[in-house]
Every structure is written in structure tokens, then in C-alpha cells.
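**Student:** Structure provided below as C-alpha cells; questions to follow.
The values are calculated or read from the model by the stated rules, or taken from the named source; none is laboratory data. Just so we're clear, the structure is a prediction, and the values are computed from it rather than from any experiment. Here the Cβ positions follow ideal geometry from the backbone for every residue, glycine too, while neighbour counts run over all protein chains shown. These area figures cover heavy atoms from the full protein model, side chains too; ligands, DNA and RNA do not enter into them. Shrake-Rupley method; radii C 1.70, N 1.55, O 1.52, S 1.80 Å.
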Protein chains: 2
Amino acid sequence: MEETLRAAGAGAGGTRNISGNSHVHLMLEQELADLHGREAALIFTSGYVANDAALSTLARELPGIVVFSDAYNHASMIAGIRNSRAEKYIFRHNDPADLARCLDRVPAGRPKLVCFESVYSMDGDIAPIGELCDVADRFGAMTYLDEVHAVGLYGPRGGGIAERDGVMHRPTVIQGTLGKALGTIGGYIAGSAALVDFLRSHAPGFIFTTSLPPALAAGALAAIRHLKASSAERDLHQRRAATLKRRLAEAGLPVMPSPSHIVPVLIGDPVLCKAVCDELLQRHRIYVQPINYPTVPRGTERLRLTPTPLHSDADIEALVVGLSDVWTQLTLRRAS
Amino acid sequence: MEETLRAAGAGAGGTRNISGNSHVHLMLEQELADLHGREAALIFTSGYVANDAALSTLARELPGIVVFSDAYNHASMIAGIRNSRAEKYIFRHNDPADLARCLDRVPAGRPKLVCFESVYSMDGDIAPIGELCDVADRFGAMTYLDEVHAVGLYGPRGGGIAERDGVMHRPTVIQGTLGKALGTIGGYIAGSAALVDFLRSHAPGFIFTTSLPPALAAGALAAIRHLKASSAERDLHQRRAATLKRRLAEAGLPVMPSPSHIVPVLIGDPVLCKAVCDELLQRHRIYVQPINYPTVPRGTERLRLTPTPLHSDADIEALVVGLSDVWTQLTLRRAS
């Protein structure tokens, strides 16, 4: 596989085709490669574009490849896989045994790519990265890990869940965003030099578009360097999320179990979900995101709460009191 | 068509689904709608994403639609059309008669979408927008015009070639970028309120991604407002391009004919094309973009020169002298 990539991407090293390649872009790509312990990284316009461009290009250009995609993968990964038109299998969410069953259905000689996320954005649950990589290795499959909701937020240097869990060296490709914890906009993939040069030479979504403005690249670079050296924000972030979950549960609000900083509160109805948010904004001046279909399946409509390190105990209390009031007002069900 | 769009996009007016909707985003969208004389506009992450998301969504979601695409359309339009998997016809570049022949092959009852650009980025030639719209109208087809290389640069208020040519009201959709004349990053489409709400509700590349940073939206807004009121930059830009073309021709350099600010110089060989740019940079400290396959067809490799209003006569002379020197050094052919 590395040989195929190396032959097809040869000579592309380190540049953009036409222009838009500044010193700060190269520094940012080096910093991202270092963050994830990879040879190289490549910046795209957004995390969505990184997934769409990288997956559609890899799965279209590598002859005979079969893609294995977690059932809960983000829309941008689904777009990339669909747009490649490669043969694909959907395996059960976070289920290594089902992934093995799917891989076993494809002849050993065909190249394979297994795609999954670390933190899933709507339920806040976390993938068993090592186990999924074990299964992929057993079948000689490449792995593509989306760390969009974990970069900067998990791991001793902010490298994500893979770093936290000691398995950062295992995925073939790690994908992330500059638009969440890192505070700007843009996305990237990190991998071998051959893979990065292959995408640089073959991904239309990288080649035929405007490069990230240098000021944004510099902002992301500063954020990564800060979060590599400082764990204070990560520690506080986790404590804020734990406090919020505990206080919601104590108030009898139906907080969904989650091992991450993403704190979903189940409503189960799109009209009520919107009504809760409207009331919360109008009566308590708190803005919370209503998450309805198509972002989550119908019947699982929810609020998605994501506290930051800078939310105070008073902020959390105000939210819990406000939500309790709206719950009473709209006669919603309390958790048992 | 409008009815289909209205029914499917109903209730979406003016918002982003989850967050990222600031006052400046709405102001920018209103300003863009006004610039192109449309009811509404919608901002995307880039011009590439605007084309990919809008075309793939329109051509996937409108039942039975057939797409007619100019042979020289940009990679981002091709991506959108391919990703929709709609039936498509490629018509000869800038050829209304061939468009008519293609349209005539499809039953009258099927919805149709004709896609083309105003200024083509690699040859610098300009579409006969009115004639193409005449043909489209005759067959009841919608039209989608990419003004990426013309917004800000042409028309009394910078509305593009369609404005300059008095046909701005004719295309169903006008697409543009914030990343060229307007100096930031991002892309957009402008059209009817129903069409914009339809895309807002159905385009994954709009829904599942990060909104443009407000500072960039504010920068684009200021640029549009300035260029609506000032034609000085546009006038100077055209004079600079005319001077450059004249001086290249006088020096016997093979400048390709172009009615726009894009000034291509033919090389016809990828290795020489790169060598010319390298020599120009090393010997004369001038950076020019070598354009090779896949951006242009093999055998038409070229330099692409795009003077700005701020390039001086001295800058142009230095470029022509430097290119002449490199031409002699590499024993390249002069224009006859």
C-alpha cells in the first residue's frame, strides 16, 4: 500500500500546486505531524473538507479498495466514502467483533480501509481504538481515525483519545480540525509522508481551492503549541463536564451517559426540543443547541451541552435551575 | 421548480442548524444578495465547497434532473455534478448552439440545470451569458453561473460579468467567492429565497461544518461595500492587464489572447514550464505560477499572470525583461 502511494505521489513533497504555501502553513503542518507522531500532515479548508477529500481520494484512487465504516460516523466521512463510490460495509457502532465479521467477508488480497471516530459528537461516547486497530491489523486493513472532537482536549499533549489511550502510533491516518479546541477554522490529516504526498497530488478538494489564510494558520499553530505544554485547560474542562453531569442528574434531568465532555440531555421530540431551547433563551437568557434530525436519528432529539473550561459553578447552576424551570413549565418527564 | 424547492426548504429561513449564525453572517448574506440582485444568499466554507455542496445537493435532490455542464467548468463544479450522480451532458465550451443540441436530446418534462462560468480561470475567456440563458430559457432549464473570477472585478458595483453585460437578473443561481477579489476566504451562492432555504436544509456540506469565523465575514463585508462604491480599483486593474498583454506581445512572448485580467503565456511542456518559473524566481526574484496538468490539459502548460491594480509599470517591465531573459536562456520559441 505504501508503495502504491509512494509511486503515485512522488515528487509532490511539501508544496501546494499553484500558490498559497506560506512559511506558517509549513510550520503548522510540521506541528500537526509532531502532535500526532506522524511523518507529515496536510491542511484542508475544514474538517469536513479534510474527511471528504481524503476519504473520497483514497477510496477512489486505490484500486479495488473496500471501505469499512462505523455506523455512527460523521456526515463528512459518509460524504467522502459515498463520493469515492468504493465498495463499503457499515459495521456496528464501536463493535470490534462486528468489524471482524465484515472484514472476513472480503477476500484477503483486496486493500481495506477501516474508518471511525474517537469521540462521537452527538452521544459523546468513545471508540475502543486499540481493539479496532487490532482487528484491522489482523485483516491487513489500513485505519482512518477522526479525532475532531478530541484534538487539544485529550492526551498529555492534546493529541486526542489515541494519545490518551497509548495507541496514537496505530492508525494509518489521523484526521482532526482546527475549528473546535484550537479555535480557528480548517482541518487536516496526518500520516506517512507517502500518504500525505499522494493526497497532495490527487485530492481535488485540496488542489483546486484557496489555501487557509496565514493569520488563521498562525492562530492554530499558537493554540497547538500552548495546548501541547499546558494541561490546565484539559483538566478544568473535564471537571466542568463532570460537575454538569452530576448536577443535571441530581435535578432529575434525563442526562444521557457519556464518558466525554459532550453532555446530551434527551428530549425525544423535535418540537419539544426546539421549545425547550426557545424557553431557555427567552426566560433564562441561556442559549443551548437543539439537536434534531438529520443530525441525530428521529426520536432521539436532544439538547447537546458542551461546557468549556471557563464556565463557572454559577453558570452551571443557572443552567440547571433554568432547565428545571422549563421542564416543569412544559411538563416534561424527569429521569427516574 | 420553485414550488418543489419551497416545499422542501420550508421553515429554514435565515438560520444555521446548530450554531455559527452571527449578526455579521446575516449582514454578509444580505449584502451578497443585494450585490447580485437576488432575494437571498448563503455562505459556504469556500468557493469549492459552495459549488460542490450546491450542485451535488440540487442535482441529487430534484427528482429526474439532468445537468448540462460547460466542457471547461472548474473542478469544483465537476465534483458537485459527479457527486450528485445525476444524468449529465457536457456541452462545448462557451457554445450556445451545442448547448441547444444537448438540451434537445432530453425530454421536455424533465427538470434541467445548465452550469457554466463567466470568466474561465486558465484561458481568461468570457462566457456569452445572455445567449446561454436564452438557450436555457427556450428549454425551460435553470441556470447556474460561477462568477468566482469576476466578483468585485467586473460590473459597475463589482457584481461580475453578468452585471457588466446587463444580464445579472437572468441566471437562476449565481455563485462566487470571498477568497479572490474580496481578499478573505469563503464562497457563496445567491438566488431565490426558496432555493437558498432548500440548500440550507439539504446540503451536508453546509449543515455539518463550521461556520466562517465572524472576523473573516466582516472583512468580506467591508470589501464588498467598498467595491460596490469604488470603481477605481477595477479600472486600474483592467489598465494593468492591458499594459501587461501589450508589453508581452511587443517582446515576442507567446501571450495567449484573453479578454479578461487573466494573462496566460503558453509554454506547452510541463518541465519547461517549471524551469521557466524556477529561473525567473532565482535570477530575477519574480514568482510566477506554473500551471501544469491536471489544472490544464497536457500540451497547454502555461504561466498564468494576473496583475493586480497595485503592480506598477516598473513591475511589469521587470517581469517582461526577466521573462525575455529566461526565454533566451532556455532557448524557448518566440511568438511569430
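**Student:** Does B:Ala241 satisfy the criteria of being farther than 27 Å from A:Met77 by Cα, among the small types (Gly, Ala, Ser) and over 21 Å from the mean Cα position of the chain (by Cα)?
**Tutor:** no
**Student:** As an exercise: evaluate B:Leu99 against (1) over 30 Å from B:His25 (Cβ atoms); (2) out of contact with any Asp or Glu (no Cβ under 9 Å at 6 or more places or on another chain); (3) among the aliphatic types (A, V, I, L, M) and give the number of the one condition it does not meet.
**Tutor:** Of the numbered conditions (1) over 30 Å from B:His25 (Cβ atoms); (2) out of contact with any Asp or Glu (no Cβ under 9 Å at 6 or more places or on another chain); (3) among the aliphatic types (A, V, I, L, M), the odd one out for B:Leu99 is (2).
**Student:** Can you pull out every residue in the stretch B:175-216 that is of a type in the set (Val, Ile, Thr) and at the interface with chain A (Cβ under 9 Å from one of its Cβ atoms)?
**Tutor:** B:Thr177, B:Thr184, B:Ile185, B:Ile207, B:Thr209, B:Thr210
**Student:** Moving on. For the stretch A:65-96, name all the residues that are hydrophobic (A, V, I, L, M, F, W, C) and either more than 15 Å from the chain's Cα centre (by Cα) or open to solvent by 10 Å² or more (accessible area, probe 1.4 Å) (or both).
**Tutor:** Those that are hydrophobic (A, V, I, L, M, F, W, C) and either more than 15 Å from the chain's Cα centre (by Cα) or open to solvent by 10 Å² or more (accessible area, probe 1.4 Å) (or both): A:Ile65, A:Val66, A:Val67, A:Phe68, A:Ala71, A:Ala75, A:Ile78, A:Ala79, A:Ile81, A:Ala86, A:Ile90, A:Phe91.
**Student:** Another one. Would you check which residues across the stretch B:66-87 are in contact (Cβ under 8 Å) with a residue 24 or more places away in the chain and in a strand (DSSP E or B) and list them?
**Tutor:** Correct list: B:Val66, B:Val67, B:Phe68, B:Ser69, B:Asp70.
**Student:** Can you tell me which of B:Leu62, B:Leu99 is over 15 Å from the mean Cα position of the chain (by Cα) and closer than 29 Å to B:Arg200 by Cβ?
**Tutor:** Criteria check complete, one pass: B:Leu62.
**Student:** Now, a different point. Name every residue in the stretch A:170-224 that is part of a helix (DSSP H, G or I), touching a Lys or Arg at 6+ places or on another chain (Cβ under 9 Å) and either open to solvent by 10 Å² or more (accessible area, probe 1.4 Å) or more than 18 Å from A:Asp146 (Cα to Cα) (or both), in order of residue number.
**Tutor:** Answer for the stretch A:170-224, where residues must be part of a helix (DSSP H, G or I), touching a Lys or Arg at 6+ places or on another chain (Cβ under 9 Å) and either open to solvent by 10 Å² or more (accessible area, probe 1.4 Å) or more than 18 Å from A:Asp146 (Cα to Cα) (or both): A:Ala193, A:Ala194, A:Asp197, A:Phe198, A:Arg200, A:His202, A:Phe206, A:Ile207.
**Student:** Find the residue count for the stretch A:254-284, including only residues that are under 22 Å from A:Val119 (Cα atoms) and among the hydrophobic types (A, V, I, L, M, F, W, C).
**Tutor:** Residues meeting the conditions: 7.
**Student:** Inspect the stretch B:240-250 for any residue being open to solvent by 30 Å² or more (accessible area, probe 1.4 Å) and touching a Cys at 6+ places or on another chain (Cβ under 9 Å) and give the result as yes or no.
**Tutor:** no
**Student:** Take the stretch A:296-335 and flag every residue that is at positive phi and either in contact (Cβ under 8 Å) with a residue 40 or more places away in the chain or surrounded by 13 or more Cβ atoms within 10 Å (Cβ to Cβ) (or both).
**Tutor:** Listed by number, the list is empty, since nothing qualifies.
**Student:** Conditions first: (1) among the hydrophobic types (A, V, I, L, M, F, W, C); (2) within 11 Å of chain B (Cβ to nearest Cβ); (3) without any contact (Cβ under 8 Å) to a residue 40 or more places away in the chain. A:Ala53 passes all but one, so which condition is the exception?
**Tutor:** Result: A:Ala53 fails condition (3) only.
**Student:** Pull out all pairs, ordered by first then second residue, where Cβ-Cβ is under 7 Å, the residues are six or more apart or on different chains, the first lies in the stretch A:99-111 and is under 20 Å from A:Asp70 (Cβ atoms), and the second is of a type in the set (D, E, K, R) and not in a loop (DSSP other than H, G, I, E, B).
**Tutor:** That search, which allows pairs on different chains as well, returns A:Leu103/A:Lys112; A:Val106/A:Lys112.
**Student:** I've got another one for you. Against the conditions (1) touching an Asp or Glu at 6+ places or on another chain (Cβ under 6 Å); (2) surrounded by fewer than 17 Cβ atoms within 10 Å (Cβ to Cβ), where does B:Tyr293 fall short? Just the number, please.
**Tutor:** (1)
**Student:** Turning to a different aspect of this structure: Among the numbered criteria (1) of a type in the set (A, V, I, L, M); (2) touching a Phe, Trp or Tyr at 6+ places or on another chain (Cβ under 8 Å); (3) away from every other protein chain (no Cβ under 14 Å), which one does A:Ile267 miss?
**Tutor:** Tallying (1) of a type in the set (A, V, I, L, M); (2) touching a Phe, Trp or Tyr at 6+ places or on another chain (Cβ under 8 Å); (3) away from every other protein chain (no Cβ under 14 Å), A:Ile267 fails exactly one: (2).
**Student:** Sticking with this one: Considering only the stretch A:136-152, how many residues are more than 20 Å from A:Gly80 (Cα to Cα) and open to solvent by 10 Å² or more (accessible area, probe 1.4 Å)?
**Tutor:** 4
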